[in-house]
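What follows is one structure encoded as structure tokens, with my remarks underneath.
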Amino acid sequence: MKFQESTLPKDLYYLFNPRGLAVVGASSDPSKIGHTILKNIIEGGYSGNIYPVNPKKGIILGKKVFARLTEVNSQIDVCVISVPALVVFDVLKDCAIKKIPFVLIISSGFSEIGNKEEEEKIKNFAKESGIRLLGPNIFGIFSAKSYLNATFSGSCVSRGSVAMISQSGALGLSLMAKSVSESFGLSAMVSLGNKADLDESDFLEYFGKDKTAKEIFIYIEGVTDGERFFRTLSKVAGKKLVLIIKSGSSVRGAAAAFSHTGSLAGEDIVFDSLISRAGAIRVTDLNQAFSLLNLHSLAGDVKKSETLIVTNGGGVGVLASDSAEKFNVPLFSDLNYLKNKYGAFIPSFGSVKNPIDITGQALAEDYLKILEASLKDPKIKILVCLCCQTAILDNRKLSKYLLRVASKFKKARKNFIFCFIGARDIESHFRNQKYPFYQSVESVFSDISKLNKEKNLVSKSKVLAKLPYKEINNLLENVAMEKRNTLYSFELAELLDKLSINRPKSFFSEEYKDALNSAKKIGFPVVLKIVSKNIIHKTEAGGVKLDIKNELEFKKSFNRLMQDAGRYDSHAIIEGVDVSEMVSGGFELIVGAKKDPIFGTLITCGMGGKYVDIFKDISLRHFDGVKETIFQMFNELKIRPILRGFRGESSMDIPSAVEVVYKLGSLVDKSDLVKEIEINPLIIEKDKVIALDFRVIL
Ligand code: COA
């Protein structure tokens, strides 16, 4: 449960920019974490007041030590606690007395090792006292703006524009160290730990507003509140570059999608699609993340501009054009313009197309000339400079020239991206000066394309289908009152009618004679289905008999249906049978919606029928109440060509199938009672869809 807004500090500003800060557990022993944190805070240049706390008192690292927090007379905004878990609660009580708004609990020994009670205890106490907690089980925070390094990292951190949120301690610490060797620097770093209170959404929201954070990099294993996270992400990723690495195969608490399609699509797919819809980029490894951060934080905006490539190697030039095409990166294409502008710098055996090939005989001076010309060229906004090591190229001279030009590019707000194939010695010159440096042509264009990618945002807000929700609720409440979590077939039929979803003509019968009359009324062929609240997967139970052509077959099928059901579950209570019109032809789809504890309502569609688990052609998304999204889901299915009309056949009624998914999503979203709803098969034909089998779980 989240803290009540009213009792808590509204903004995290003073967490990152505290006016006074205490370290409880500060130690004179350099091997202890409490010592390292204090040392980092002092050496990092933090200019607010620092209060080390330790019962032994004395002086540590030149600072007067207080025996207890309550002895400090000044305002403290942040308290860093680095004492064993058992002592944390006592320290927290002092934090409450001192009215400290933010407390960082470094200590391990809570829910991560199963000690949930202690964590609940500190969490509840903090909540009652109006304290916002970070942690427990964290390595601290870093804030470039206030020169605050309240972590136990190696003290050296490179300052810059990347804000990082890390759920992994070890990884976060190594990322801080890596910021020194990479080109980018950090504006902030926050360790989430066990997330007893503050979580990824709180920090995402804060960094979204923090002007010093231009890029946000999140490493998470799971999100606490999926709906809030993606709502916040959509807002922030529209304005800033947000990269996300999500490790671990499960988001905490999320069941693996639908009961029947459970094995088909996990919540990871939902997470993936939500990230890209929010406009953030999901990266799969750290190198890819660093490369994108380097490019974005140093080269600036690479969006919506055509790229010019300069190379001294024809082959590399071809690789570059291939990569540009592969990753959909537009190249500057006015070749006459290039000839007039750059022809004079290129030997007769070179090429003035794009890539411009200044040939293998190019010297550092030749690069300089062409780069300076492109710097002054108003039409060129992104320059990719490729260079292959040759015996006549002086690397030192080249890097000196390139760096000089690169800084002018930066001032002119143009992008200069350098890729060197061969000698590595040049790399450190670039990294030291904080310029992106590539050794793979493909990575250059894959990165440009990732940053260029149009955000697939759906700006429309959630609109639910117009349905008789009140009547549906009354129907479902009656079922719930009988303590059932599934519906009888006649109730399902009623629900389908209320949803205005086509279904075959069907009648419920409690006994044979009545069932036979129903079959005659409908007209053969008919379908017989078992009706039992204990049998959910009817087909598996032998509870469905198809294509019954006459009275004789009806009798046999009825008897077999009862025997099969009894064999499947001898304790099952059989309420009766359902006799329905036999629908043949069309194509079988599966559609459904369910409530997910992390992401809210999820919807699915795909190839249905009994081969669902074999073909696994399923699309799964978060329900955003936008029909376009559902059309996209159908579009990404492998069966798309069949639905669109295969070999001259006409297209199937996809709009009606979309409408069904939209209605199911709306119902699950609106209703507090429905947990899950699935139609399999939903027969799709050229001009209609018909729900053959329908399941609802409350
Ligand atoms: N107020 C202030 N100081 C107190 C105190 C109190 N109530 N109780 C004890 N202290 C002092 C101790 O006397 C000690 O100081 P000293 O070195 O001068 O004797 C200091 O606080 C630290 O306590 P100590 O018992 O020595 O613990 P420690 O430093 O060995 O370990 C933790 C403390 C928090 C680092 C350890 O319990 C822990 O959780 N380590 C894992 C941290 C971690 O990995 N976090 C996650 C990272 S991602």
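The values are calculated or read from the model by the stated rules, or taken from the named source; none is laboratory data. What you are looking at is a predicted structure, and each value in this text was computed from that prediction instead of being measured. Positions of Cβ are backbone-derived with ideal geometry, glycine not excepted, and every protein chain shown enters the neighbour counts.
Key figures for this structure:
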| read-out | value |
| --- | --- |
| Of the criteria (1) farther than 18 Å from Ile37 by Cα; (2) near the ligand (Cβ under 10 Å from one of its atoms); (3) assigned to a helix (DSSP H, G or I), which one Thr70 fails | (2) |
| Residue match in the stretch 106-114 (condition: surrounded by 17 or more Cβ atoms within 10 Å (Cβ to Cβ) and modelled with pLDDT under 95) | yes |
| The one condition in (1) in a loop (DSSP other than H, G, I, E, B); (2) within 10 Å of the ligand (Cβ to nearest atom); (3) among the β-branched types (Val, Ile, Thr) that Ile76 fails to fulfil | (2) |
| Helices (runs of 4 or more DSSP H) contained entirely in the stretch 153-256, each with at least 2 residues that are under 30 Å from Ala406 (Cα atoms) and within 16 Å of the ligand (Cβ to nearest atom) | 169-181 |
| Scan of the stretch 33-49 for residues that are in contact with a Pro (Cβ under 7 Å, 6 or more places away or on another chain) and within 16 Å of the ligand (Cβ to nearest atom), ordered by number | Leu38 |
| Leading residue by the ranking (modelled with the lowest pLDDT) among those in the stretch 400-450 that are aliphatic (A, V, I, L, M), within 21 Å of Leu368 (Cβ to Cβ) and surrounded by 23 or more Cβ atoms within 10 Å (Cβ to Cβ) | Ala406 |
| Residue list for the stretch 110-147, filter: part of a loop (DSSP other than H, G, I, E, B) and either away from the ligand (no atom under 13 Å from the Cβ) or farther than 21 Å from Met164 by Cα (or both) | Phe110, Gly114, Asn115, Gly130, Ile131, Ala144, Lys145, Ser146, Tyr147 |
| Counted residues, the stretch 88-109 - those being within 9 Å of the ligand (Cβ to nearest atom) and closer than 15 Å to Ala126 by Cα | 5 |
| Residue among Pro30, Pro18, Pro52 that alone is of a type outside the set (A, V, I, L, M), modelled with pLDDT of 95 or more, touching a strand residue (DSSP E or B) at 6+ places or on another chain (Cβ under 6 Å) and within 16 Å of the ligand (Cβ to nearest atom) | Pro52 |
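Okay, residues lined up against (1) surrounded by 14 or more Cβ atoms within 10 Å (Cβ to Cβ); (2) farther than 24 Å from Lys39 by Cβ:
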| site | (1), (2) |
| --- | --- |
| Ser74 | no, no |
| Cys79 | yes, no |
| Asp94 | yes, no |
| Gly130 | yes, yes |
